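What follows is a short report on a single structure.
The values are calculated or read from the model by the stated rules, or taken from the named source; none is laboratory data. Nothing here was measured: the structure is a model prediction, and the numbers come from that model. Note: ideal-geometry Cβ built from the backbone for every residue, glycine included; neighbour counts use all protein chains shown. Keep in mind that these areas ignore ligands, DNA and RNA; they rest on the heavy atoms of the full protein, side chains included. Shrake-Rupley method; radii C 1.70, N 1.55, O 1.52, S 1.80 Å.
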Amino acid sequence: MCGIVGAIAARPVAEILLEGLRRLEYRGYDSAGMAVWDGEQINRLRRAGKVQALADALAQHPLDGQLGIAHTRWATHGKPTENNAHPHMSGERLAVVHNGIIENFESLKRDLQAQGYEFSSDTDTEVIAHLLDSAVEAGDNILEAVRKTVARLDGAFALGVMHQDYPGELITARKGSPLVIGVGIGENFIGSDPLALLQVTDRFIYLEEGDVARLKRLGIEIWNATGESVERPVLQFQHGSGSVDKGEYKHYMLKEIYEQPKVVHAAMEGRLGKDSVLEQAFGAGAGEIFDQVKQVQIVACGTSYHAGLVAKYWIEDLAGIPCMVEVASEFRYRRVVLPPGTLFISISQSGETADTLAALREIRDRVLASLTICNVPGSSLVRESDLCLMTNAGPEIGVASTKAFTTQLVALLQTTLVLGRRHGLKPETEARIVEELKQLPGLLERVLGLDPAIEKMSEAFAEKHHALFLGRGTLNPVAMEGALKLKEISYIHAEAYAAGELKHGPLALVDKDMPVVTVAPRNEMLDKLKANLQEVRARGGELFVFAGSSQAVEPEEGVQVLELPPVPGILEPIVYTVPLQLLSYHVAVLKGTDVDQPRNLAKSVTVE
Ligand code: AGP
């Protein structure tokens with residue numbers, strides 16, 4: 001969850017590295033640092049705090065040179081202090097940046113201390129620096145030293161390494177953490193993701209698990225996990241919808257919320273025929289695989305898990321196929337029983353989430369096939385799954401997922417339809433849903449028009465410490481997503497419940513200080529939901545209802561109702577998500593929190 005960037009060029013690299021760190025800041029932002037070779041020695045600058053603190057320091061103490069590595073950190077081992085910030089050095093001659101976790105660092109540290117190495121940080125990374133130094137001291141060149149060192153590391157890593165005695169080389173290695181090589185003309189780069197390097201190149205090599213690479217200004221050599229020299233393809237970066245700057249918006253999150261009409265359209269483009277979903281979009285051989293599916297197992301984390309929970313309703317209802325959904329961090333560590341014919345679906349914005357990736361690796365030999373619903377082309381999940389359906393949301397920078405979720409739902413609905421077709425879903429039902437999907441961008445535009453009213457509503461939350469979110473059916477996972485958004489960016493404690501569960505416990509929490517947010521479209525569950533809302537009112541709870549009709553839930557003292565346009569039932573979870581995103585956003589702005597980079601979180605969770 002840290003960000004790595006590195007460069008070897010014929011021009012000064014500090015500005016390139018700094019811009020890379022700014023673009024990677026979504027991955028971690030509690031401290032940052034840079035090391036640059038100036039022709040004689042490695043100079044290093046580190047600061048606690050955001051990348052801006054490092055930028056300010058660089059303005060005072062510029063780092064000049066044509067070889068450098070840099071890092072923005074999300075603390076795992078040791079507090080976010082300057083001492084713990086990367087790059088870490090062993091003596092003066094060697095610097096390393098690392099993303100990931102070294103699980104056996106304590107025993108390695110003991111060995112190194114016994115050899116006389118002194119540690120100046122609390123990080124796991126520092127062992128890598130000293131292991132490298134110890135190998136170089138024993139006579140290895142820096143490439144061999146990296147090879148030997150990574151062989152001793154348990155856990156996950158992406159590394160950037162430079163050594164004073166090898167000023168023409170930037171060494172990199174990855175296992176379990178993402179890393180790309182940016183291919184330039186007369187210069188080459190490394191980055192945790194392509195976004196970090198788009199200012200200098202749009203051609204990338206995605207390293208495979210266990211790869212080690214040596215970058216020189218004019219060449220790139222790669223060796224695989226067994227040490228064989230290998231060629232990896234150079235891929236042209238496909239620019240998705242949306243750009244990586246904030247434009248007119250105050251925050252990335254707001255921009256990304258407003259992009260949703262456009263990106264849900266991108267998630268359908270080229271995939272919808274006149275009255276059916278085109279299954280070629282899933283990859284070669286998809287049809288034969290879908291024919292054999294008997295059960296679906298969805299695995300994901302956080303927001304993506306919530307998308308999976310919505311898909312369960314759709315897949316069981318429309319395709320009649322049993323569907324299980326589980327968070328990846330549990331799934332990967334238990335004995336799971338999967339009947340023959342299981343289609344494994346991973347859902348992930350980044351395609352690099354450590355638990356989701358580990359779940360795929362754990363299970364892929366035991367399932368019919370794996371499909372990933374993912375937003376980042378070339379990411380590990382995309383490369384390692386049999387089939388993929390890209391969500392086409394474009395870069396999502398705000399740590400709180402918004403457009404990634406709604407586009408995942410579009411992709412999952414398309415998946416449901418191609419599966420359903422083979423399991424008795426009537427062609428006319430598919431045709432109707434395809435027609436309804438085409439209305440989605442327009443519906444989202446109309447909901448965004450409610451933003452001023454939602455902003456007004458948010459005022460009631462600014463002083464609150466808790467909130468309850470209720471929904472039923474496919475709106476239950478939407479309530480969960482609404483609660484996650486609120487807690488993530490406003491730090492208000494929020495819980496979500498299936499409304500029918502209220503009287504089985506959470507009702508005890510309800511009083512005037514517990515606002516209750518409800519998503520209440522006009523559907524067959526509305527009367528049941530209204531009864532649940534009465535239970536809240538009777539206990540003095542204040543209600544905030546996003547409703548399909550103001551007649552369905554009457555506004556009164558203590559009951560604020562915001563009416564949404566009529567929505568086809570199947571699209572309700574997608575459309576009703578948007579007001580909850582806006583509500584959280586405005587509450588966070590009122591509370592003055594860091595909306596795009598909330599405390600303690602990082603965008604891409606590439607460590608366990
Ligand atoms: C969402 O707002 C979160 N920041 C988080 O829950 C996220 O959805 C989760 O970490 C999964 O990430 P992924 O979609 O990239 O796999």
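Pairs under 6 Å by beta carbon, first residue under 23 Å from Tyr252 (Cβ atoms) and part of a strand (DSSP E or B) in the range 373-402, partner aliphatic (A, V, I, L, M) and within 11 Å of the ligand (Cβ to nearest atom), six or more apart or different chains?
If the second residue must be aliphatic (A, V, I, L, M) and within 11 Å of the ligand (Cβ to nearest atom), the pairs left are Ile373/Ile347; Cys374/Leu381.
Just give me the residues in the range 49-66 being modelled with pLDDT of 95 or more, open to solvent by less than 50 Å² (accessible area, probe 1.4 Å) and not in a helix (DSSP H, G or I), in sequence order.
Leu63, Gly65
Within the range 315-330, how many residues are in a helix (DSSP H, G or I) and either at pLDDT below 95 or open to solvent by 10 Å² or more (accessible area, probe 1.4 Å) (or both)?
Here is the first cut: in the range 315-330, the ones in a helix (DSSP H, G or I) are 315-319, 328-330.
Still in the list and also either at pLDDT below 95 or open to solvent by 10 Å² or more (accessible area, probe 1.4 Å) (or both): 316-318, 329-330.
Total satisfying the criteria: 5.
List the number of the failed condition for Ala460; all other conditions in (1) within 16 Å of the ligand (Cβ to nearest atom); (2) at pLDDT below 95; (3) assigned to a helix (DSSP H, G or I) hold.
So the condition that Ala460 fails would be (1).
Pairs please, first residue from the range 290-318 and closer than 20 Å to Ile433 by Cβ and basic (Lys, Arg), second anywhere and open to solvent by 30 Å² or more (accessible area, probe 1.4 Å) and away from the ligand (no atom under 16 Å from the Cβ), Cβ atoms under 8 Å, 6+ apart in sequence or on different chains.
Every condition considered, the pairs that remain are Lys312/Met324.
What's the total number of residues in the range 255-273 that are farther than 21 Å from Ala431 by Cα and part of a loop (DSSP other than H, G, I, E, B)?
Result for the range 255-273: 1.
May I ask you to verify whether Ala411 is within 16 Å of the ligand (Cβ to nearest atom) and not in a strand (DSSP E or B)?
Working: within 16 Å of the ligand (Cβ to nearest atom): yes; not in a strand (DSSP E or B): yes.
Spelling it out, Ala411 is indeed within 16 Å of the ligand (Cβ to nearest atom) and not in a strand (DSSP E or B).
Residues of the range 5-26 being part of a helix (DSSP H, G or I) and either closer than 15 Å to Gly39 by Cα or not basic (Lys, Arg) (or both), which ones?
Residues satisfying the conditions are Ala14, Glu15, Ile16, Leu17, Leu18, Glu19, Gly20, Leu21, Leu24, Glu25, Tyr26.
Do any strands (runs of 3 or more DSSP E) lying entirely in the range 472-548 carry at least 3 residues that are at pLDDT 90 or above, touching a helix residue (DSSP H, G or I) at 6+ places or on another chain (Cβ under 8 Å) and open to solvent by 10 Å² or more (accessible area, probe 1.4 Å), and which ones are they?
Result: 493-498.
Please determine whether any residue of the range 301-311 is in a loop (DSSP other than H, G, I, E, B) and within 16 Å of the ligand (Cβ to nearest atom). Lay out the reasoning, then the answer.
If we filter the range 301-311 for residues that are in a loop (DSSP other than H, G, I, E, B), which is where we start, we get 301.
Keeping just the survivors that are within 16 Å of the ligand (Cβ to nearest atom) gives 301.
Yes, the range 301-311 has at least one match.
Looking only at the range 367-378, filter to residues that are modelled with pLDDT under 95 and more than 9 Å from the ligand (Cβ to nearest atom); which one of those is most open to solvent (accessible area, probe 1.4 Å)?
Going through the qualifying residues, I end up with Pro377.
Give me the residue from the range 392-402 that is of a type outside the set (A, V, I, L, M) and more than 11 Å from the ligand (Cβ to nearest atom) and, out of that set, least open to solvent (accessible area, probe 1.4 Å). Before the answer, list the steps.
Pass one, the range 392-402, residues of a type outside the set (A, V, I, L, M): 392, 394-396, 398, 401-402.
Now restrict to residues that are more than 11 Å from the ligand (Cβ to nearest atom): 392, 394-395.
Numbers: Asn392: 57, Gly394: 8, Pro395: 25 Å².
My answer is Gly394.
Quick check on Glu455: is it at pLDDT 95 or above, in contact with a Pro (Cβ under 8 Å, 6 or more places away or on another chain) and either within 16 Å of the ligand (Cβ to nearest atom) or open to solvent by 10 Å² or more (accessible area, probe 1.4 Å) (or both)?
No; evaluated as a whole, the condition is false for this residue.
Looking at this structure, is Thr342 hydroxyl-bearing (Ser, Thr, Tyr), touching a strand residue (DSSP E or B) at 6+ places or on another chain (Cβ under 8 Å) and more than 21 Å from Thr402 (Cα to Cα)?
Values: hydroxyl-bearing (Ser, Thr, Tyr): yes; touching a strand residue (DSSP E or B) at 6+ places or on another chain (Cβ under 8 Å): yes; more than 21 Å from Thr402 (Cα to Cα): yes.
Answer is yes for this residue.
Got a number for residues in the range 560-571 being closer than 15 Å to Thr518 by Cβ and open to solvent by 10 Å² or more (accessible area, probe 1.4 Å)?
Just the residues of the range 560-571 that are closer than 15 Å to Thr518 by Cβ, to begin with: 560-564.
Filter once more, so that each one left must be open to solvent by 10 Å² or more (accessible area, probe 1.4 Å): 560-563.
Residues flagged as closer than 15 Å to Thr518 by Cβ and open to solvent by 10 Å² or more (accessible area, probe 1.4 Å) within the range 560-571 amount to 4.
If a residue has to be surrounded by 16 or more Cβ atoms within 10 Å (Cβ to Cβ), among the small types (Gly, Ala, Ser) and part of a loop (DSSP other than H, G, I, E, B) to count, how many in the range 118-169 make the cut?
1
Here is a list of conditions, (1) away from the ligand (no atom under 13 Å from the Cβ); (2) open to solvent by 30 Å² or more (accessible area, probe 1.4 Å), and Ala431 meets all of them except one; can you say which number that is?
(2)
Within the range 348-359, is there a residue that is in contact with a Ser or Thr (Cβ under 6 Å, 6 or more places away or on another chain), aliphatic (A, V, I, L, M), assigned to a loop (DSSP other than H, G, I, E, B) and within 16 Å of the ligand (Cβ to nearest atom)?
Within the range 348-359 (the criterion being in contact with a Ser or Thr (Cβ under 6 Å, 6 or more places away or on another chain), aliphatic (A, V, I, L, M), assigned to a loop (DSSP other than H, G, I, E, B) and within 16 Å of the ligand (Cβ to nearest atom)), the answer is no, since none of the residues qualifies.
Can you tell me how many residues within the range 284-300 are within 16 Å of the ligand (Cβ to nearest atom) and either surrounded by fewer than 19 Cβ atoms within 10 Å (Cβ to Cβ) or among the β-branched types (Val, Ile, Thr) (or both)?
2
Restricting to the range 170-217, name every residue that is open to solvent by 20 Å² or more (accessible area, probe 1.4 Å), among the hydrophobic types (A, V, I, L, M, F, W, C) and part of a loop (DSSP other than H, G, I, E, B).
Of everything in the range 170-217, those that are open to solvent by 20 Å² or more (accessible area, probe 1.4 Å), among the hydrophobic types (A, V, I, L, M, F, W, C) and part of a loop (DSSP other than H, G, I, E, B) turn out to be Ile185, Leu198, Val200.
If I filter the range 18-37 for residues that are hydroxyl-bearing (Ser, Thr, Tyr) and at pLDDT 95 or above, do I get at least one hit?
Checked the range 18-37: no residue is hydroxyl-bearing (Ser, Thr, Tyr) and at pLDDT 95 or above.
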